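A.B. asks: I'd like to ask you about the structure that follows.
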Amino acid sequence: GEILIKAGSTDDKTITVEVIDEHNGLSAQQERRVFRDDDVLPEAYGQGLKLVRDTLAIIHATVSYESDGENSRFILQIPMTSE
């Protein structure tokens, strides 16, 4: 399927980046684990998304997941700075 990347800002404080694909979504169990890691089965937990979440946290940004049953999206909220 296709992947759409949208970026914008609704205020002067945050940039929002959305990565949207035509996947109908994760199961509830997969969604609970998507940002976790596991030393025993690293391929089963997050596929690197814990690293993304932890890296964004350094700059006080967040990443979240949503699905409407037809499309899945990861939403990054990145604070803007004046530097």
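Coordinate-derived values only; no laboratory data. All values reported here derive from a predicted model rather than from experimental measurement.
A.B. asks: Given H placed on each backbone N at 1.01 Å, which residues far from residue 15 in sequence or on other chains put an amide H within less than 5 Å of it?
C.D. replies: 78, 80
A.B. asks: Mind listing the phi-derived Karplus ³J(HN,Hα) values for the range 27-36, rounded to whole Hz, using 6.51, -1.76 and 1.60 with θ = phi - 60°, and x for any glycine or proline?
C.D. replies: Values per residue, Gly and Pro as x: 5, 4, 5, 4, 5, 5, 9, 4, 10, 9 Hz.
A.B. asks: Also, I was wondering about something else. Each residue of the range 2-9 in order: what ³J(HN,Hα) in whole Hz does its phi give by Karplus 6.51 cos²θ - 1.76 cosθ + 1.60, θ = phi - 60°, with x for Gly and Pro?
C.D. replies: Calculated HN-Hα couplings, in order: 8, 10, 10, 10, 10, 9, x, 9 Hz.
A.B. asks: If you don't mind, there's one more thing I want to ask. Mind listing the phi-derived Karplus ³J(HN,Hα) values for the range 52-65, rounded to whole Hz, using 6.51, -1.76 and 1.60 with θ = phi - 60°, and x for any glycine or proline?
C.D. replies: In residue order, the calculated couplings are 4, 4, 5, 5, 5, 4, 4, 9, 6, 9, 10, 9, 9, 10 Hz.
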